[in-house]
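The values are calculated or read from the model by the stated rules, or taken from the named source; none is laboratory data. All values derive from a computational prediction rather than experimental measurement. Cβ placement follows ideal geometry from the backbone for every residue including glycine, while neighbour counts extend to all protein chains displayed. When the accessible area is computed, the model is the full protein with side chains, heavy atoms only, and any ligands, DNA or RNA have been set aside. Shrake-Rupley method; radii C 1.70, N 1.55, O 1.52, S 1.80 Å.
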Amino acid sequence: MRLPPLSSLRAFEAAVRHGGFARAAEELALTPNAVAHQVKQLEAWLDVRLFDRHARGVLPTAAGRDYAMAIAELFAQLETATRALKSRHDDRVVTVTAIPSFVSRWLMPRLTTLAERHPEVEVRVLAGVQPVDLARGEADVAIRLGPGPYPGLAAEVLIEEDFVAVASRAFLAARAPLCQPAELVERRVPLLHDEIVPEIPAQIDWPRWLRAVGVTPPRRLSGHLFSHTYLTLEAAMAGQGVAIASHATLGDAVRAGLLTPLFGGLAVRGPYRYHLLTRPGAEERPAVAAVCAWLREEAARAR
């Protein structure tokens with residue numbers, strides 16, 4: 001396998017990302033001349049011009065831009081693999097992965113209690129919609145929203161999803177009381193929507209929630225649309241409308257008085273559940289066992 005020198009690739013990728021040699025040199029702790037030399041070495045190795053040189057600076061060629069994008073992706077994969085390997089060989093570090101809304105609304109506010117109970121454990125949190133590969137060691141613990149099952153993994157239900165309609169006190173005080181779900185449609189109350197992502201196609205949205213409580217939704221429900229539940233809830237807390245969310249993603253917003261459940265807390269059970277997933281035998285590591293036990297306790301306390 002013949003590959004270009006890694007130092008030249010790093011210098012080239014940084015130069016494209018920063019738009020020149022000077023700022024790339026700052027990042028790499030080199031001189032601009034050294035970065036320029038590394039790029040020239042790479043061009044000679046590839047026999048391809050990667051930059052056009054001008055009096056006022058340098059600009060990547062079309063080939064240079066494409067190559068830089070490919071290299072950046074490979075560097076990101078290399079970094080992920082390196083961190084995963086280091087985590088697996090450091091008994092104190094436990095990598096936990098979950099979708100962003102669950103991380104921001106449920107997991108993050110509770111991490112203080114884990115640190116108090118297990119100060120020897122270091123948690124690395126990965127937030128993303130795309131699932132990571134536990135079998136390959138990309139994470140130690142996953143909290144996945146889905147129907148199950150999860151072949152090849154140790155899996156258990158952590159949290160059921162019950163969806164309620166919520167709004168801020170200021171929003172509710174500014175209008176006549178909402179007594180029945182049908183009034184949301186009849187009075188054209190501003191509704192806040194989550195964008196349905198392909199990975200969670202049957203997630204509860206406003207049309208599904210309304211049908212579940214006996215209300216026929218109109219063909220089109222107006223209102224703002226957000227890419228993540230935590231953004232929808234931020235909008236609701238800012239008084240921009242009514243949102244629907246599960247208790248897991250509401251976090252402590254209701255207890256803190258930031259959001260108020262409507263219709264007596266009328267809830268609709270979602271089709272998915274949050275599952276706690278690990279590789280078989282992962283809890284033989286004391287740090288992983290401690291994190292999993294803590295997650296179970298926090299989930300039970302929140303019910």
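Filtering segment 29-43 to residues that are open to solvent by 30 Å² or more (accessible area, probe 1.4 Å) and either in a helix (DSSP H, G or I) or basic (Lys, Arg) (or both) leaves Pro32, Asn33, Ala34, His37, Gln38, Lys40, Gln41. The listed residues are Glu186, Glu161, Glu195, and the only one of them that is in contact with a helix residue (DSSP H, G or I) (Cβ under 7 Å, 6 or more places away or on another chain), under 30 Å from Gly223 (Cα atoms) and charged (D, E, K, R) turns out to be Glu161. Just one of (1) closer than 22 Å to Ala127 by Cβ; (2) assigned to a strand (DSSP E or B); (3) of a type outside the set (Phe, Trp, Tyr); (4) more than 22 Å from the chain's Cα centre (by Cα) fails for Ala243. It is (4). Tell me whether segment 101-110 contains one or more residues that are open to solvent by 60 Å² or more (accessible area, probe 1.4 Å) and out of contact with any helix residue (DSSP H, G or I) (no Cβ under 8 Å at 6 or more places or on another chain). For segment 101-110, residues open to solvent by 60 Å² or more (accessible area, probe 1.4 Å) and out of contact with any helix residue (DSSP H, G or I) (no Cβ under 8 Å at 6 or more places or on another chain): present. Among the residues here, Leu258 qualifies as open to solvent by 20 Å² or more (accessible area, probe 1.4 Å), touching a residue at least 12 places away in the same chain (Cβ under 8 Å), of a type in the set (A, V, I, L, M) and not in a helix (DSSP H, G or I).
Selection over segment 217-240 of residues that are under 15 Å from the mean Cα position of the chain (by Cα), more than 14 Å from Ile204 (Cβ to Cβ) and not small (Gly, Ala, Ser) gives a count of 4.
Residues that are touching a Pro at 6+ places or on another chain (Cβ under 9 Å), within 16 Å of Ser8 (Cα to Cα), part of a loop (DSSP other than H, G, I, E, B) and at pLDDT 90 or above are absent from segment 52-75 altogether. Within segment 111-125, the set of residues being open to solvent by 60 Å² or more (accessible area, probe 1.4 Å) and touching a residue at least 24 places away in the same chain (Cβ under 8 Å) comprises Arg117, Glu120, Glu122. Within segment 273-284, identify whether any single residue is in a helix (DSSP H, G or I) and either basic (Lys, Arg) or touching a residue at least 40 places away in the same chain (Cβ under 8 Å) (or both), and answer yes or no. Yes: segment 273-284 contains one or more residues that are in a helix (DSSP H, G or I) and either basic (Lys, Arg) or touching a residue at least 40 places away in the same chain (Cβ under 8 Å) (or both).
With respect to the numbered conditions (1) touching a residue at least 24 places away in the same chain (Cβ under 8 Å); (2) of a type outside the set (A, V, I, L, M); (3) over 30 Å from Ala287 (Cβ atoms), which one is the sole condition not fulfilled by Arg53? Answer for Arg53: the failing condition is (1).
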